[in-house]
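Please treat every number below as a calculation from the coordinates, not as lab data. As the structure is a prediction and not an experimental result, all values here were calculated from the model. Ideal geometry is used to build each Cβ from the backbone, glycine not excepted, and the neighbour counts take in all protein chains shown.
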Amino acid sequence: MAQYVHKEHVEENLKGTKFQFQERVFPFLYRYGTLLVILFTIISFSLANDKFLSYQNFTDILRSVSIITLLAIGVTISLIVGGFDLSVGSTASLATVTSAAVLVLYRQETIIAILIPIAIGLVVGLLNSFFVVKVRLPDLLATLAVMYIINGLHLTFTKGFSIYNNMPLAEGGTAPGVFLPSFLFIGQGEILSVPVPVIIMLIAVIVVHFILQQSRFGRLLYITGGNEEAARLSGVPVQRYKMYAYLLSAFFATLAGILLAARIGTGQVSAGAPLLMDGVAAAFIGFSVFGAGKPNVIGTFVGAVLIGILLNGLTMLNVPYYAQDIVKGTILIGALAFMYYEKKK
Amino acid sequence: MTQLSLSKITKSFGEQKVLKGVDFTVNSGEVHALLGANGAGKSTLMKILSGDYERYSGKITMDGKEQIFKTPADAKDAGIEMVVQEVDTALVSSLSIAENVTMNSFINGPAFFSWNKRNKRAAELLKRVGLNLNPSLPLSHCSLAQKQLVLIAKALSREISFMILDEPTAALSTKEADHLFSVLRELQKDGVGIIYISHRLPEVMNLSTKITVLKDGYITLQEDIEHSSTEKIVQAMLGNELVELFNDDEERVLGDTLFEVTDFRVPSTNEKISLSVKQGEIVGIAGLVGAGKTETARAFFGADPSLDPVFINSKKVRITSPLKAISSGIGFVPEERRKEGILVDYNVIENLTLPVLKQFTKFGLIQKKKEKAEAERWIEQLGIKTQKSTSQINHLSGGNQQKAAIGKWLLNDGEVFIFDEPTKGIDVGAKQDVFQCIKDLAHKKKGILYFTSEIQELLAFCDRILVMYDGKIAGELKKEEATTEKIMHFATGGHYGTVRS
């Protein structure tokens, strides 16, 4: 921590490298620390494995983080209004299963398999906002409850089984529909050798970033989270903006769920659950990017990429998956420790 | 007899020097008042003394022995207790009064402490501050003034030699303040050295034995009270420019009735209010703390909406939310500036344009250039002192923050302006600016409702004064007939003195 010494003393102390280190390096690390960590990991992984630094591997990394990023955008928006959406994981699971069911069990077109999960996702968002805004439950509590309910609902609907092509049905015979190629294209296709999920993710990041930074809607979302009472007394309909945030959060979780179904080509149950924690971690690492100190989408994207690079690189180095969580936790602490340390000063 | 002295204290935050070599001494049994405009360095100096800030240069000595306070606990061990301005931050509202008063025993006391003993000990301490309360009640039962006394009682639970009070009367009614002063005089008699921070000159003149005035981190005046005078102190606080605080001699021309309520039920007090404001009129609403002023103001603005309608320009409107109030032309400057009036983490522009953001929006996007230009025009017009229009409002002084809190309603170009204690905790110079701002509004035919417990302000520039007591309007006084005594008579429900007509 910087010492409060005066100008006169500063000159005397100029030779003391400790002082310079604290005054100059800390703010620099605060702004660019996360980017430096990414750079450092890329360099060390490429030294350790020459296959790491290839176009193929980087599109792989981006593809793998695309779903987490979409989910994390939702979490970020809920954080912006001062809330917290824990239900995004199970909302994603619900979307995965729903789109699979629409295709496989009900033999519908791709567009239906996208629209129905989105409609259901928005209902989940409404449910969250009802509990948070109308019933005034604390955000964590309300979305935790909804998380359980949604998780239970999608498991009940599938009786705990995943949905896949030609699956046998309880009433005999096999499922009538299949995962259509046009649906699978969303998760597996490529345009100009860029994977479709990566394109969707980049569009989402850019559009949401633009809206948050440039539009009245975005400003009021941030203001609502900044100080709800002051915002309300300035005429901001804070309850409505909180509702919008939870609707958007559910929307992006649903998008992540649909992408997941299209990516793996089955409607796997509980597939979204592990995404929650990575999404939350990405959103929080995002606080530290460029020293923003608050939730922001570009940061969230960088956070997701950082997690993706680490997992990819560690897997290449044959670090077992169960040990990778140790690294994730360390990165999260590292990123946030700097931010809070600087803030306190 | 103990002497506590600080010598050559300097302290900076980053590049900014806040204290530039301050010497300050207080002896047992003395009341040493510390005055200065906002940002003069008073709080910083006291935070150093109470162990909140560790990095400073200079020396703290007690009877000649150097003291190093690394934490608030160190300062407490040396017998220095601080009574902070925001009492709620120093007490635990979910615990009982007894537990709060004897809180120190949780830190240094025995592991088990019987409830009987605790309550008895608390009752003794409460008696010392003249508070007759059942110690087993939860702290949330106490009024703000009582909480302050609880905090003082808590400080007394240890051997103390020095007590720092930071604007203790900022939110107290005159009667409550008088009680506090008698408690402080008792402490003084017992040999406690008191450092008293305040903006209110009359009470400082009355209470203290010595004064120190800080300005921009320097001492500009330090002397015994008998050699000093209000004029000298004000001059030292403001520098050379002597500001005449109250100079309202202009006659205002009043227009038609602008805002009117009849039997308007205020939900949080469940009392009915009737009043009206004409165009260009400043109506002051006096009342002690707890008289229902804030509740009434909030109901008018729809912050706690009432079911009853208000009439604006004879048009019936039901104010169901702040949004509705704003679109009906009402602006509101709330009492708790930092919690309700401004958004501390946002910049000056964002704070100013918030209610009218729609004006700067095209296709949903904010036209930032236009927004900035308009905001900067108002920053200049209001005289908001800020380095840049994009500076975080948190970095501004209290008075400038308040100007921004008022300014955002000027952008909205409303009709009716409601002020709730707008001069709370801002310095003399900034007060003058705030008054000028309000007078300008009246000049532009706006209607003003000015809720305050500062009677001097009401007498100075209100056209009419309504006095609230117990949630109701207890009396109405025209400008010519209003005096402090008459206002106090109504404000205390007829308990204060007798009215001579």
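Taking a sphere under 12 Å around the Cβ of residue B:383 and counting the other residues whose Cβ falls inside, with K and R at +1 and D and E at -1, yields a net charge of -1. The packing ranking of peptides A:67-74, B:104-111, highest mean first, is A:67-74, B:104-111, where packing means the average number of other beta carbon atoms within 10 angstrom of each residue.
Summing charges over all other residues whose Cβ lies under 14 Å from the Cβ of residue A:116, with Lys and Arg as +1 and Asp and Glu as -1, gives 0.
Packing-based ranking of A:81-89, A:331-339 yields A:81-89, A:331-339, ordered from highest to lowest mean Cβ neighbour count within 10 Å. Shielding of peptide A:223-229 by partners, expressed as the average count of other chain Cβ atoms within 10 Å per residue Cβ, is 4.
Helix B:144-156 and the longest principal axis of the C-alpha atoms of chain B enclose an angle of approximately 10°. Under the combined filter of DSSP loop state and at most 14 neighbouring Cβ atoms within 10 Å, the range A:143-237 retains these trypsin sites (Lys or Arg not before Pro): A:159. All other residues whose Cβ lies under 15 angstrom from that of residue B:29 are scored, Lys and Arg at +1 and Asp and Glu at -1, for a net of -2. Relative to the longest principal axis of the Cα atoms of chain A, helix A:238-264 runs at roughly 60 degrees. For chain A, the longest principal axis of the C-alpha atoms and the axis of helix A:273-288 are separated by about 30°. Here the range B:24-103 and the range B:298-315 have alpha carbon centers that stand 44 Å from each other. This ranking places B:115, B:378, B:409 by how few other beta-carbon atoms lie within 10 Å of each, fewest first, which gives B:115, B:378, B:409. Per residue of peptide A:205-217, the mean number of Cβ atoms on other chains within 10 Å of the residue Cβ is 2. Mean residue ellipticity at 222 nm, helices only, the protein assembly as shown: -15500 deg cm²/dmol; runs of at least 4 DSSP H residues each add -39,500 (n - 2.57), and the sum is divided by the number of residues.
In the range B:3-238, the convex hull through the Cα atoms has an average projected area of 12.9 nm², a quarter of its surface area. Exposure proxy for A:135, B:18, A:178, B:213: other Cβ atoms within 10 Å of each Cβ, ordered fewest to most, give A:135, A:178, B:18, B:213. Once you have the Kirkwood Rh of the range B:411-501 from its Cα pairs, apply Stokes-Einstein at 20 °C and 1.002 mPa s and quote D in µm²/s. Once the numbers are plugged in, D ends up at 150 µm²/s.
Using θ = phi - 60° in the Karplus curve 6.51 cos²θ - 1.76 cosθ + 1.60, the 3J(HN,Hα) couplings for the range B:333-346 round to 10, x, 5, 8, 4, 6, 8, 10, x, 10, 9, 5, 8, 10 Hz; x is entered for Gly and Pro. Reducing the range B:355-412 and the range B:113-182 to their Cα centroids gives an inter-centroid distance of 42 Å. Placing unit charges on the Cβ atoms of the charged side chains and taking the dipole of the protein assembly as shown about its Cα centre, the candidate lying farthest along the positive direction among A:59, A:238, B:320 is A:59. Of the beta bridges in the range B:130-259, as assigned by DSSP with both residues counted there, near 55 percent are antiparallel.
Expressed to the nearest 5 percent, the antiparallel share of DSSP beta bridges inside the protein assembly as shown is 60 percent.
When each of B:257, A:91 is scored by the number of other beta-carbon atoms lying within 10 Å, the sequence from fewest to most is B:257, A:91.
A crude spin-label estimate for the pair residue B:73 and residue B:265, with each label 7 Å from Cα along the Cβ direction, gives 5.3 nm.
For the range A:54-330, the spread of Cα positions along the three principal axes, ordered from largest to smallest, is 62, 45, 35 Å. Our note on the geometry: Cα centres of the range A:47-63 and the range A:243-312, 21 Å apart. Debye-formula intensities of the range A:41-129, expressed as log10 I(q)/I(0) at q = 0.19, 0.22, 0.25 Å⁻¹, are -0.91, -1.03, -1.18 (one equal scatterer per alpha-carbon, no solvent).
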